[in-house]
Every structure is written in structure tokens, then in C-alpha cells.
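The values are calculated or read from the model by the stated rules, or taken from the named source; none is laboratory data. Note that the structure is a prediction, hence the values are computed from the model and not measured. Cβ sites come from the backbone with ideal geometry, for glycine too, and all protein chains shown count toward neighbours.
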Amino acid sequence: MEKKVYSRTNGLLPGAVSGFCPGCMHGTVHKLIGEAAEELGQLDHLVRVEGVGCCGLGQFYVSHDETIAAHGRACAVATGIKRSSPESLIYTYQGDGDLAAIGLAETMSAANRGENFTVIFVNNGIYGMTGGQMAPTTLLGMKSTTSPGGRVAEEHGYPMHMCEILDTLTAPVYLERTSCDTPQHVIATRNAIKKAFKYQLEGKGFSMVEIVTSCPTNWGMNTLDSLDFLRDKMFAEYPLGLIRDNG
Ligand SMILES: Cc1ncc(C[n+]2csc(CCOP(=O)(O)OP(=O)(O)O)c2C)c(N)n1
């Protein structure tokens, strides 16, 4: 007898084909969000607030309710939606430019208030959609279109560690950093998203899953080299693992 072992999540539109670049991990993360919400039986309540950038392209692939916030303002918009519609399962989906640069104040304030929603933070170390400008998370020495000689601490400051920064606040309930470069890390990411959603359903407050990913197009690398860079350089600056679990 045939046994079904896998099916596409209903959290994605049927037949939608991802337009993300080869080697980009946004598509995988979208799938995992759908799977986590589906496993919790919450797809009907799932609402996405997406940032501006490649992170905003998910609007073409997800089957649940969603809105796009002005650049950086996703946590403010999510606050309004969650407070007015507490039965919804809300997540923001943001890149590092969106969350850690233009949206830093909104991120910090929502986390500090312990707003009861989930942040999915895709950290690829660069502004993706606009062509590879330096982000707060760009590594020292890393070339970008606005730091063509490589990021220099004296001129551009140091890489910002958003999980650790939010860990200085009292309110956040759950902070974890994961990736999607191996099957094990993909499973860890799905489990982290599911845990964050579960805590939200239990009313426990603010959570963030930071997913450290590659951007071969704007890193100027092929997909295999970008995986080496991710593991050797990005994970060294942004160690994967649990930062806080107060659930
Ligand atoms: C107020 C405002 N400023 C600037 C822009 C231009 N802009 C669009 S996407 C983007 C960068 C997005 O980078 P990131 O948040 O890292 O997301 P990614 O594309 O890497 O997913 C910028 C600066 C904008 N849309 N709105």
C-alpha cells in the first residue's frame, strides 16, 4: 500500500512557483512558516505583516492573510493588528535592513512592550532587493555596494546582533537563532517557528526567530561558495542556538 510521507503545505498558494534567486533561503522559510501554522491547526488565523525588500515578495506565495508595512514599520503594524484582533496568529517577516536599520526603533519598542506576536527575522547580512547595500548586520571586511572596500569598524561601526540586543530587555519570551543550510537546521527552524507560534497562542508575548541565510546574488558568489561563507563567516559572527526561552 502506498503511504504518503510528504505534501506541500496549504500555507502556500497552490501552484505558486518561487521567484527567489537560486540559493536564497526565503522560499524555504515561507514553507516552514506554513508547515508550523498548519501543524498547530492555525492556518485560518495566520496573518503575515511583511517588511519591504525580498522579504516582501512572500505576498505572491502565501495563502494566508497578509499586509505589507512601510519599510521598517512591520512591528508597529503587527502591534495594531494583534491588539485589535487578538485571536489572530500574527507574524512579521523582515529582512535585516527592515528590522535592524530603518525599523530598529519599532523592533525594540514592540519587544520591550512584550507585544504578543512573532517576528521572523531573515538575516542575510545585506540589503537584498535594492542591490546589496551595507546593512547593520554586514560583517567586518564584507564588501557591499556602499562599502566597496569592505566594512570598516571605524567608519561603519560593528555588526549588530539583534537577538543579543533584544536579550537585554525584560519582556521578550523567546529568542532563537537558526539557519536553513542543512536538513537538521531546516528542522530546527521549523521547530523554533512552531514554538514561537505556540507561545503566542498561549499569550506569552514577544518572540523572535532569527534565521541566518545566504544571499548569493548580492554577496557576488555562486550558491556553493555562499554556503561556505555562511558557515565559516556568518555563523562565526551570529552563532546559532537558543538565546532565551522563558516559556
Ligand atoms: C522608506 C523606504 N526607504 C527605502 C526604501 C528602499 N528599499 C526597498 S527594499 C530595501 C532594502 C531591504 O533590505 P532588507 O530589509 O535587508 O531585505 P531583503 O531584501 O534582504 O530581504 C530598501 C532600502 C523603501 N522602500 N522605503
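Tabulated data for the structure shown
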quantity	calculated
Residue match in region 104-113 (condition: within 12 Å of the ligand (Cβ to nearest atom) and without any contact (Cβ under 8 Å) to a residue 24 or more places away in the chain)	no
Tally of residues being farther than 15 Å from PHE206 by Cβ, small (Gly, Ala, Ser), surrounded by 21 or more Cβ atoms within 10 Å (Cβ to Cβ) and modelled with pLDDT of 95 or more across region 54-94	2
Residue within region 79-101 that is touching a residue at least 60 places away in the same chain (Cβ under 8 Å), assigned to a helix (DSSP H, G or I), closer than 20 Å to LYS194 by Cα and touching a strand residue (DSSP E or B) at 6+ places or on another chain (Cβ under 6 Å) present	no
Some residue of region 4-19 being part of a loop (DSSP other than H, G, I, E, B), buried (at least 20 other Cβ atoms within 10 Å of the Cβ) and within 11 Å of the ligand (Cβ to nearest atom)	no
Residue selected from region 27-52 under the condition surrounded by fewer than 22 Cβ atoms within 10 Å (Cβ to Cβ) and in contact with a Phe, Trp or Tyr (Cβ under 8 Å, 6 or more places away or on another chain), by the criterion nearest to LEU104 (Cα to Cα)	VAL47
Residues of region 11-46 that turn out to be over 26 Å from THR182 (Cβ atoms) and either touching a Gly at 6+ places or on another chain (Cβ under 9 Å) or among the basic types (Lys, Arg) (or both), as a count	2
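Listed here are the residues, each with its yes/no results for (1) in contact with a Ser or Thr (Cβ under 8 Å, 6 or more places away or on another chain); (2) more than 18 Å from GLY34 (Cβ to Cβ); (3) among the aromatic types (Phe, Trp, Tyr); (4) part of a loop (DSSP other than H, G, I, E, B).
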residue	(1), (2), (3), (4)
ASP181	yes, yes, no, yes
ILE187	no, no, no, no
ILE193	yes, no, no, no
ALA196	yes, no, no, no
GLN200	yes, no, no, no
GLY203	no, yes, no, yes
VAL209	yes, no, no, no
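Table: residues versus (1) farther than 21 Å from GLY27 by Cβ; (2) of a type in the set (D, E, K, R).
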| residue | (1), (2) |
| --- | --- |
| ALA76 | yes, no |
| THR79 | yes, no |
| TYR93 | no, no |
| GLY97 | no, no |
| ALA100 | yes, no |
| ALA110 | yes, no |
| THR138 | yes, no |
| ARG151 | yes, yes |
